[in-house]
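Data block below; observations after.
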Amino acid sequence: MALPFAVACTEPVAVDLPPPPVPDIPAPPPEPPEPVITETGPESQALSVYYRRLQNDLLTQGLLRGDGGGPDTPFTDTVLARNFVRIALFDEYVTDGDVLRPQATVSRLRRWDQPVRMALEFGASIPEDQRLEDRNTVSAYANRLSRITGLSITQTEADPNFHVLVLNEDDRLGYRERLQELVPGIASSSLRAIMNLPREQLCIVIAFSEGGSASYSKAIALIRGEHPDLLRTSCFHEELAQGLGLANDSPQARPSIFNDDEEFGLLTTHDELLLKMLYDPRLTTGMAPAEAAPIARVIASEYLDDGPS
């Protein structure tokens, strides 16, 4: 039986956090759980089989490409600017009570205006060799994202504000209290999105802002530990990039990981330009689409002034 290949990843949702209380004595940062390796349960083992078959099916169809795009995927400055507006200035999900519901919604330009400090946190059932591999993957990718955007992005355990959780199913189902520690005041809709993650959803990132600001202050990305190597790396690429402010997907975006068709599994040259545009100083945090779109067209034209990519 053929397995499905159109698999979705939830996009960042700007969630306003309540103003933090002012403590009499500064509280120490919460400590991650002790790294004691435990055995995976039957549900996690079944997911590992499912995702391994899914990755094989995607590869058989020529998907999860890692070539960054080529002669078969040309794009012009007009296409790049249009995709930027669709991906950076729209949200794919809205908060509906206690649920994050799919609905394309006009948004503002959201991004980080402070250094991003990514911390990897592993569930108790993630083996040591996978932890080492994932640390190396995220460290190299954080450096790449920093070079592209000009934003300070590091992997560090010192006062992190972008938490990257690698959890197996057994780990995730017991993570509610830890999520509330990482993001005090986290909305129930965000908790539900992570705690009730369906099997078809490979990974998720939720970005948070405070006081109605369009500037992100925290983010949580959840990567399923059951994924085989390529599918897990693909999740790192998409969710960490989207957590920087590229909040939407577009079926017209190509070559791109911001497209649910899974043709590309790793960040492409097109996506690098989107990130570079997002942090171009000519755009400012909080801009509306009508204000940002003409500036994006000028920037895209400059980036591709030698013709189509």
Checklist entry - How many of the residues making up region 233-248 are in a loop (DSSP other than H, G, I, E, B), buried (at least 24 other Cβ atoms within 10 Å of the Cβ) and in contact with a strand residue (DSSP E or B) (Cβ under 8 Å, 6 or more places away or on another chain)? => result 4
Checklist entry - If you scan region 257-309, which residues turn out to be assigned to a helix (DSSP H, G or I), of a type outside the set (D, E) and within 17 Å of the chain's Cα centre (by Cα)? => result H270, L273, L274, L275, K276, L278
Item to check | Where a residue in region 173-193 is under 14 Å from A221 (Cβ atoms) and its partner, wherever it lies, is among the basic types (K, R), with Cβ under 8 Å and at least six apart | outcome: L182/K218; V183/K218
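Condition test on P251, is it in contact with a Phe, Trp or Tyr (Cβ under 8 Å, 6 or more places away or on another chain) and surrounded by fewer than 23 Cβ atoms within 10 Å (Cβ to Cβ)?
Details: in contact with a Phe, Trp or Tyr (Cβ under 8 Å, 6 or more places away or on another chain): no; surrounded by fewer than 23 Cβ atoms within 10 Å (Cβ to Cβ): yes.
No; evaluated as a whole, the condition is false for this residue.
Rundown of residues vs (1) touching a residue at least 24 places away in the same chain (Cβ under 8 Å); (2) in contact with a His (Cβ under 7 Å, 6 or more places away or on another chain), yes/no style:
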{"position": "T60", "(1), (2)": "no, no"}
{"position": "R65", "(1), (2)": "yes, no"}
{"position": "G69", "(1), (2)": "yes, yes"}
{"position": "F75", "(1), (2)": "yes, yes"}
{"position": "T78", "(1), (2)": "yes, no"}
{"position": "V85", "(1), (2)": "yes, no"}
Checklist outcome for this item: Exception for Q252 within (1) more than 17 Å from L278 (Cβ to Cβ); (2) of a type outside the set (D, E, K, R); (3) modelled with pLDDT of 95 or more falls at (3)
Checklist entry - Say we look at region 266-309 and pick out the residues that are in contact with a helix residue (DSSP H, G or I) (Cβ under 7 Å, 6 or more places away or on another chain) and exposed (fewer than 15 other Cβ atoms within 10 Å of the Cβ); which of these is farthest from L246 (Cα to Cα)? => result S301
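Among the listed residues L80, L54, L100, which satisfies the condition of being modelled with pLDDT under 95 and buried (at least 21 other Cβ atoms within 10 Å of the Cβ)? Walk me through it before giving the result.
Numbers: L80 fails: modelled with pLDDT under 95; L54 fails: modelled with pLDDT under 95.
Exactly one of L80, L54, L100 is modelled with pLDDT under 95 and buried (at least 21 other Cβ atoms within 10 Å of the Cβ), namely L100.
Do the conditions hold for E238, that is, is it touching a Gly at 6+ places or on another chain (Cβ under 9 Å) and closer than 29 Å to Y50 by Cα?
Yes.
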Next on the checklist: Would you confirm whether or not region 181-196 contains a residue that is in contact with a Ser or Thr (Cβ under 6 Å, 6 or more places away or on another chain) and of a type in the set (S, T, N, Q)?
Outcome noted: yes
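The values are calculated or read from the model by the stated rules, or taken from the named source; none is laboratory data. Note that the structure is a prediction, hence the values are computed from the model and not measured. A quick note on method: Cβ atoms are made from the backbone with ideal geometry, for glycine too, and the neighbour counts reach across all protein chains shown.
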